[in-house]
Amino acid sequence: MHDVRTIRAKSGTNQEGAGAHNKRVIIDALRLNGQLSRADLARATRLTKQTISNLIEALELDGLVMSEDVVRKGRGQPSTPYRLVPEGAFAIGLQIDRHMTRAIAVDLVGNVLVRSEAALPPDGPARGVRVILDLIEQTRRELKALRPEAESRLAGLGVAMPGPFGLEPAADDPWMMGAWQAFPLLETLAAGTGLDVALQNDAAACATAERMVGAAHGLDHAVCLYLGYGIGAGLILGGELYSGAHGNAGEIGMALFSDGGRLTPLEHKASLASLYQALGLDPAAGDLHDIITRLVEVDDPALLAWIDAAARDLRWAVHLIETVFDPQSIVISGGAPPALANRLIAAIEPLLPSNAERRDRTAPRLKAGMFDPWAVALGAAAEPIGRAFEPRFAAILKEAAGR
């Protein structure tokens, strides 16, 4: 019998000169499925067997792919499975938040090798950028000590921070990082590290982490509703992260909701910052998660009142996302303590009617994702890997333009 294993992969192209795209297709298929034979790859990507053989040989020479032991099944021809080489590439991810910065180093398949964090000074980027550069340098030293080849195989630096980008908020607006928005961050980090640097909002980075190793793995249409100091939505549409014309797609926290006749942004009512305000907590406190977890455990009345109010607004946000984007599933993740996240998600149910109510549904409409303080940095680290190795339409355009 033939192997009927279902393999997730994008299609390659047999047109001449599309090698860059096809290499990315092979890498992506191995990342999604693990070990695959040349026959598996040809069937899944719709590339010819000869094209697959040429690509595998090229990727082996690049140190990105390696063969495993030959597999013999029944009377059929033996096959050789191939897998990605974790040490084939590395990347660093950086999260910048209002009071904390985190750096993480990963390999090609997303294994976390180094993680470091530091408190940011309250006066914004004036001193904060020096703290960040020192943290990146520390991360690179530790990575090099673990993997001496890593420095020559660094794909770049991915940065994630709260958006929106390109606007002119007041520097003292507590809901937006105005001083950081006005600072030439990418130029400063590129000059200070010598790496290619890319920026995305924290919700988009968290969505990338969820698709790579979390609750959105295996989904090509998913929205990550990110609950942090503010609120954002990371959009995975057609298997790719959608950022919009100015990198601000998914800024649902800025959506205006009616509140007693006033229009109030969603994040002013249902974000962690609104919780801190309701409970009179210092957002810079080091034991904030422990405090909130204890309040959840004792059913603190003020906390329960916030959960009820936030759940009403988030229920409507879920309805809006489903209606506009038609995702396979919505994943809630972010920086909330898991105890609070579980209570909040339970309170959002039952969901409002929407076009997501389908009899053939295989994934839940709403599910919990990562409530891990490192998720944003992990997603940020995935961006340089994706930029270098994921199949994107831009790869074909660049190859065509170079001929």
**Asked** How do E68, E210 line up, fewest other C-beta atoms within 10 Å first?
**Response** E68, E210
**Complete:** When L189, L263 are arranged by how many other beta-carbons sit within 10 Å of their Cβ, fewest first, they go L263, L189
**Between helix 125-146 and the chain: long-axis angle, C-alpha atoms, 0 to 90°, nearest 10** = 40
**Message:** Could you tell me the relative contact order of the range 19-84? Use alpha-carbon pairs under 8 Å, at least six residues apart, and round to a whole percent.
**Reply:** 36
**Asked** Cα-based count: Lys pairs in the chain below 17 Å, eight or more positions apart or different chains?
**Response** 4
**Prompt:** Around P162, what is the net charge, scoring Lys/Arg as +1 and Asp/Glu as -1 over all other residues with Cβ under 9 Å from its Cβ?
**Reply:** -1
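Calculate, for A58 and D220, the FRET efficiency according to 1/(1 + (r/R0)^6) with r their C-beta to C-beta distance and R0 30 Å; round to the nearest 0.05. Display every interim value, and only then the final one.
Working: r = 27 Å, r/R0 = 0.90.
Computed FRET efficiency for A58 and D220 comes out at 0.65.
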**Asked** Tell me, in nm to one decimal, what length is gained between L237 and R153 on full extension, where the rule is 0.36 nm per residue of separation less the Cα-Cα distance?
**Response** 27.3 nm
**Prompt:** Once Rh for the range 19-84 is found with the Kirkwood sum over Cα pairs, what is the Stokes-Einstein diffusion coefficient at 25 °C and 0.890 mPa s, in µm²/s?
**Reply:** 206
**Request:** Among DSSP beta bridges whose residues both lie in the range 217-369, state the antiparallel percentage, nearest 5.
**Result:** 60
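Stick to the Cα atoms of the range 231-332, pair each with every other, and give me the Kirkwood hydrodynamic radius in Å at one decimal.
Every distinct Cα pair counted, the radius reaches 15.4 Å.
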**Prompt:** So what are the range 178-246's ellipsoid semi-axes, whole angstrom, largest first, if each one is the square root of 5 times an eigenvalue of the alpha-carbon gyration tensor?
**Reply:** 25, 15, 11
**Message:** So if I take the centroid of the Cα atoms in the range 326-354 and the same for the range 138-161, what is the distance between those two points in Å?
**Reply:** 34
**Prompt:** If packing is taken as the mean number of other Cβ atoms within 10 Å per residue, what is the order of 286-297, 219-230, highest first?
**Reply:** 219-230, 286-297
**Message:** Along the charge dipole of the chain, pointing to its positive end and built from +1/-1 on Cβ of Lys, Arg, Asp and Glu, which listed residue (V65, I236, A209) has its Cα farthest out?
**Reply:** V65
**Asked** To the nearest Å, what is the center-to-center distance of the range 19-72 and the range 194-255, using C-alpha atoms only?
**Response** 28
**Request:** Set the Förster radius R0 to 25 Å, insert the Cβ-Cβ distance between T362 and D287 as r into 1/(1 + (r/R0)^6), and round the FRET efficiency to 0.05.
**Result:** 0.05
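Restricting to Cα pairs below 8 Å that are 6+ residues apart, what does the relative contact order work out to for the range 217-369? Please round to a whole percent. Don't skip to the answer; put the middle values down first.
On the way: 226 pairs, mean separation 38.6, N = 153.
RCO, the range 217-369: 25 percent.
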**Asked** Once you put a point 7 Å from the Cα of T48 and another 7 Å from the Cα of N342, both along the Cβ direction, what distance in nm separates them?
**Response** 5.6
**Asked** If you average the sequence gap of Cα pairs under 8 Å that are 6 or more apart and divide by the length of the chain, what percent do you get for the contact order?
**Response** 17
**Asked** Using mean Cβ contacts within 10 Å as the protection proxy, how do 197-205, 93-101, 309-317 order, highest first?
**Response** 197-205, 93-101, 309-317
**Fill in**
Along the range 36-51, Karplus-curve 3J(HN,Hα) (6.51, -1.76, 1.60; θ = phi - 60°) to the nearest Hz, with x for Gly and Pro, reads 9, 7, 4, 5, 4, 5, 5, 5, 6, 9, 6, 9, 5, 4, 5, 4
**Prompt:** Amide H to amide H under 5 Å from M370: which residues, 5+ apart in sequence or cross-chain, H placed 1.01 Å off N in plane?
**Reply:** A215, G334
**Message:** Using each residue's phi in the range 235-241, evaluate 6.51 cos²θ - 1.76 cosθ + 1.60 at θ = phi - 60° and report the 3J(HN,Hα) Karplus result to the nearest Hz, with x for Gly and Pro.
**Reply:** 9, 9, 10, x, x, 10, 6
**Message:** Considering the Cα positions of the range 72-191, please state its Rg to one decimal place and its Dmax as a whole number of Å.
**Reply:** 19.4, 72
**Prompt:** What percent antiparallel are the DSSP beta bridges of the chain, to the nearest 5?
**Reply:** 65
**Prompt:** Once all Cα-Cα distances of the range 245-403 are split into 5 Å bins that start at 0, what whole-number percent is in each one?
**Reply:** 1, 7, 13, 17, 18, 15, 12, 8, 4, 3, 2, 1, 0, 0
**Item:** About the Cα centre, charge dipole magnitude for the chain (Lys/Arg +1, Asp/Glu -1 at Cβ), debye
**Value:** 1640
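Coordinate-derived values only; no laboratory data. All values derive from a computational prediction rather than experimental measurement. Cβ sites come from the backbone with ideal geometry, for glycine too, and all protein chains shown count toward neighbours.
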